[in-house]
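Taking it in order: structure first as structure tokens, then the write-up.
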Amino acid sequence: MQAFTRSLGVSCTHCHVAEQWDSEEKEEKQVTRDMMAMTRAINEDYIKKIKALEKDKPSVNCMLCHRGKAHAGEDLRPPGPPPGAPPKS
């Protein structure tokens, strides 16, 4: 579970109800399961099949997209207009 806290920058109670760890009350718990299934599929069904990458053994994990943020990609987009957008007047 420590990997989730580091990768997403959240505490255990982001997904779990404190003192009721088995509870399925929080939607974030299912989102995490779905995201884990997604990374497993990427690693098993897609990356492994790219022959040119066989030697490197690449894989994806939570940190790749989340980078310590609860919402993936939050810090990947620079603030402001996209490159090439006309300047504001």
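Here's a check for you: in segment 51-65, which residue that is within 16 Å of the chain's Cα centre (by Cα) and open to solvent by 60 Å² or more (accessible area, probe 1.4 Å) is nearest to residue 4 (Cα to Cα)?
Once the filter is applied, the top-ranked residue is 63.
Looking at 29, 48, which is the one that is part of a helix (DSSP H, G or I), in contact with a His (Cβ under 9 Å, 6 or more places away or on another chain) and surrounded by 10 or more Cβ atoms within 10 Å (Cβ to Cβ)? First the steps, then the outcome.
Values: 48 fails: in contact with a His (Cβ under 9 Å, 6 or more places away or on another chain).
Among 29, 48, only 29 is part of a helix (DSSP H, G or I), in contact with a His (Cβ under 9 Å, 6 or more places away or on another chain) and surrounded by 10 or more Cβ atoms within 10 Å (Cβ to Cβ).
Would you check if there is a residue in segment 67-89 being under 30 Å from residue 12 (Cβ atoms), open to solvent by less than 90 Å² (accessible area, probe 1.4 Å) and among the basic types (Lys, Arg)?
Looking through segment 67-89, at least one residue is under 30 Å from residue 12 (Cβ atoms), open to solvent by less than 90 Å² (accessible area, probe 1.4 Å) and among the basic types (Lys, Arg).
If residue 38 meets every condition in (1) open to solvent by 70 Å² or more (accessible area, probe 1.4 Å); (2) at pLDDT below 95; (3) not charged (D, E, K, R) apart from one, which number is that one?
In the conditions (1) open to solvent by 70 Å² or more (accessible area, probe 1.4 Å); (2) at pLDDT below 95; (3) not charged (D, E, K, R), residue 38 misses (2) alone.
Within segment 11-26, which residues are at negative phi and either touching a Phe, Trp or Tyr at 6+ places or on another chain (Cβ under 6 Å) or open to solvent by 90 Å² or more (accessible area, probe 1.4 Å) (or both)?
Pass one, segment 11-26, residues at negative phi: 11-18, 20-26.
Hits for segment 11-26 are 20, 21, 22, 24, 25.
The values are calculated or read from the model by the stated rules, or taken from the named source; none is laboratory data. Just so we're clear, the structure is a prediction, and the values are computed from it rather than from any experiment. Here the Cβ is made from the backbone with ideal geometry for all residues, glycine too, and neighbour counts use every protein chain on show. With ligands, DNA and RNA removed, areas are computed over all heavy atoms of the protein, side chains included. Shrake-Rupley method; radii C 1.70, N 1.55, O 1.52, S 1.80 Å.
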